[in-house]
Every structure is written in structure tokens, then in C-alpha cells.
Amino acid sequence: MTVTSDDQLVARCRAGETPAWNELVERYSRYVYAICTQGFRLQDHDAEDVFQDVFTRVYTNLDRLREDGAFRPWLAQLTRRSCLDRLRSSAREALAEEVEPRDVDETLSLIDDALMVHEAMATLPDNCRDILDRFFARDESYRVIADALGLPPGTVASRISRCLDKLKPLVEERGGAARPGVG
């Protein structure tokens, strides 16, 4: 499966390709929504409003982005500003520093890391994507995975290990690093 890079996708959007725009929104919709709900703890209705505002701004201001490869940080900043605007409008008397959650930077970093891992996993073979998704995202046990895939539990463990070995360099080339005590 060939994954279009952000640079290529943004360039296609700038050229007016509707399918590229649809792919861009699909690729980053969960990212924007996660920043809203996890980073800024917005209620669903406020997160949906921010989501609409952010992608409207992206659509109208994409030509202002200096480098196609800087799309994700730019999108994160647009989302952050829109979330703060939403929080300020619902708590006008609060100062901006009080509106932004204390741990928002750490949460946004975790969301970025999750997106980076998701992108790297998309380049893995189907069998690796499936087994890693089952173990980490769905939190399935070795036994449940083994039963679903018709494998012995020991084989599941070794496949997870081999797939993680394939995933690690893909994450690192995207700018991620192994966490202390991991891998």
C-alpha cells in the first residue's frame, strides 16, 4: 500500500485536486478532534465547531503555508488557536493562561506521537498491521489474537516482536524516538 506523503498531498490540494482535499481531511480529522477533546477537553459540540473552523481555515489559507512539509505543525497551531478561542468565548472573564489546560503541551505531543506511529504502521505489511493493532489498539490478549488468527500464543508473541522490530525504524525515520525503557 503506497501512502502519499504530506508534502505530496498538500501540493495536490494547492493544485485544486478535490480527491486530495478529501484525503487530507480524512488523514487529519482524528488528529484535530483529538487535540480538541484530549488536549483542550472540549465537549463534543464545541470540538465539532472547532473542527469545522479549522478545516475551513486550512482550505482558505493553504496558500499561505510556506512549506508543504510543515503542514502538521501548522494544522496543530490552527487547531490550538481555535480551541483557545472557543474556551475564551465560553469563559470571557478568564485569562488566556488560565483557559489553556496545564498539560496541553504534553497531551499534544502524545497525540503527535500516536499519529506518527499510525502513519508508520500504515506502511507495514497487512499481517503486521493487524497483529499490532489487535495487541496495542484493541488491547487483545495473546490468547484472543491466537484464537482469531488460528495461531499458537507463542507464535503471536514472536510475530508481535518481529513486527515491532520492523516498526521501530519507520517511526524513527519520521522523527520519533524510542522511549526510555522501550525497544
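The values are calculated or read from the model by the stated rules, or taken from the named source; none is laboratory data. Quick caveat, the model's predicted, so the values are computed rather than measured. No Cβ is skipped: glycine too gets one built from the backbone with ideal geometry, and neighbour counts run over all protein chains shown. Accessible surface areas use protein heavy atoms only, side chains included; no ligands, DNA or RNA. Shrake-Rupley method; radii C 1.70, N 1.55, O 1.52, S 1.80 Å.
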Inset, instruction - Describe numerically, in nm with one decimal, the distance between label points set 7 Å from Cα along Cα→Cβ at Ala137 and at Asp165. - result: 2.4 nm
Legend entry - Per residue accessible area in Å² of the chain, where ligands, DNA and RNA are left out and the probe is 1.4 Å: 61 Å²
Inset, instruction - Compute the long axis of helix 71-90 from its Cα atoms, compare it with the longest principal axis of the Cα atoms of the chain, and write down the angle in degrees, 0 to 90, nearest 10. - result: 60 degrees
Inset, instruction - Quick one: pull the percent of accessible area on the chain belonging to carbon and sulfur, 1.4 Å probe, ligands and nucleic acids left out. - result: 49 percent
Legend entry - Three principal axis lengths of region 125-183 [C-alpha, angstrom, descending]: 35, 24, 18
Legend entry - Positive-pole candidate from Tyr31, Thr4, His118, dipole of region 1-123, charges at beta carbon: Thr4
Inset, instruction - Would you mind checking the tilt of helix 153-173 against the longest principal axis of the Cα atoms of the chain, expressed as 0 to 90 degrees and rounded to 10? - result: 40 degrees
Inset, instruction - Report the equivalent ellipsoid semi-axes for the chain in whole Å, largest first, defined as the square roots of five times the eigenvalues of the gyration tensor built from alpha carbon atoms. - result: 34, 22, 15
Legend entry - Estimated dipole of the chain in Debye, rounded to 20 [Cβ of Lys and Arg +1, of Asp and Glu -1, Cα centre]: 340 debye
Legend entry - Charge dipole (region 125-183, unit charges on Cβ, about Cα centre) - positive-most of Val171, Leu132, Leu149: Val171
Legend entry - Approximate spin-label separation Leu65-Ser89, in nm, with each point projected 7 Å along Cα-to-Cβ: 2.4 nm
